[in-house]
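Reviewing the structure listed below.
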Amino acid sequence: MRARQESCCFTGHRPAKLPWGYREEDVRCRMLKQRLADAVESAYEEGYRHFLCGMAQGCDLYFCECVLALREQHPEVTVEAAIPCPTQADHWPADQRARYERLVNACDFETMVSARYTAACMQRRDRYMVDHASLLIAAFDGSPGGTRYTVEYAMRRGLSIVDLPVLAE
């Protein structure tokens, strides 16, 4: 694994908070994915080589896919799946579970943050990522929840933050 100063983590909303839900063909989703790819490329250009992803549905998986695409062009890039607990994807729709498994298997590292689900394991995963990075890319609309928790924690920890607002229009 890499040093914190060359590590970048990500936070973003799940489908329930995205205006397009699971409809990734929506133009707003395609635009966000392009902004994510651009942010990942910019992070690479700034010297970031290790990327941590919390592997939640929605924006996390978009981010992971962008970093894996970057790694195809730059083999020195590494991707770490920071998984909150072993059962994270157990109740997801089958297609999302298959996507998750494919992406986790493609990552260079897998860190299981908690041995079992607890009420705090998601926040523990978020703190782990922030504590091991110096840059946070955030796809965020300002609403309360895990993404806001992670952005606020990253601010307290002094990380640089790239804000990619999730647009309803």
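All of the numbers you see were taken from the coordinates with simple rules; none came from a lab. Everything numeric in this text was worked out from a predicted model, so none of it was measured. Heads up, the Cβs are rebuilt from the backbone with ideal geometry, glycines too, and the neighbour counts pull from every protein chain shown.
Fewest to most neighbouring Cβ within 10 Å: what's the order for 137, 83, 161?
If I rank by nearby Cβ atoms, fewest first, I get 161, 83, 137.
Just to check I understand the Karplus step: with θ = phi - 60° and J = 6.51 cos²θ - 1.76 cosθ + 1.60, what whole-Hz values come out for the range 59-70, glycine and proline as x?
Going residue by residue, I get 4, 4, 5, 4, 4, 4, 4, 5, 5, 4, 5, 4 Hz, with x marking Gly and Pro.
Please rank 147, 111, 118, fewest neighbouring Cβ atoms within 10 Å first, as an exposure proxy.
Working: 147 26, 111 16, 118 12.
The most exposed by this proxy come first: 118, 111, 147.
Which whole-Hz couplings ³J(HN,Hα) result when phi for each residue of the range 95-104 is put into the Karplus expression 6.51 cos²θ - 1.76 cosθ + 1.60, θ = phi - 60°, listed in order with x for Gly and Pro?
In residue order, the calculated couplings are 5, 6, 5, 5, 4, 4, 4, 4, 5, 4 Hz.
Roughly how many debye, to the nearest 20, is the charge dipole of the range 12-117 about its Cα centre, given +1 on each Lys and Arg Cβ, -1 on each Asp and Glu Cβ, and no other charges?
Numbers: 13 positive and 17 negative charges, 94 e Å.
So the dipole magnitude of the range 12-117 works out to roughly 460 debye.
Report Rg(Cα)/(2.2 N^0.38 Å) for the range 1-110, keeping two decimals. Could the numbers behind the result be given before it?
On the way: Rg = 13.6 Å, N = 110, 2.2 N^0.38 = 13.1 Å.
With N residues counted in the range 1-110, Rg over 2.2 N^0.38 Å equals 1.03.
List the residues, sorted by chain then number, that are 5 or more residues from residue 141 or on another chain and whose placed amide H is less than 5 Å from its amide H.
166
So which trypsin sites (Lys or Arg not before Pro) in the range 92-123 are both in a DSSP loop and have at most 16 other Cβ atoms within 10 Å of their Cβ?
Numbers: sites: 97, 99, 102, 116; in loops: 116.
Answer in residue order: 116.
Placing +1 at every Lys and Arg Cβ and -1 at every Asp and Glu Cβ, with all other atoms neutral, what dipole size does the range 63-106 have around its Cα centre, in debye to the nearest 20?
So the dipole magnitude of the range 63-106 works out to roughly 80 debye.
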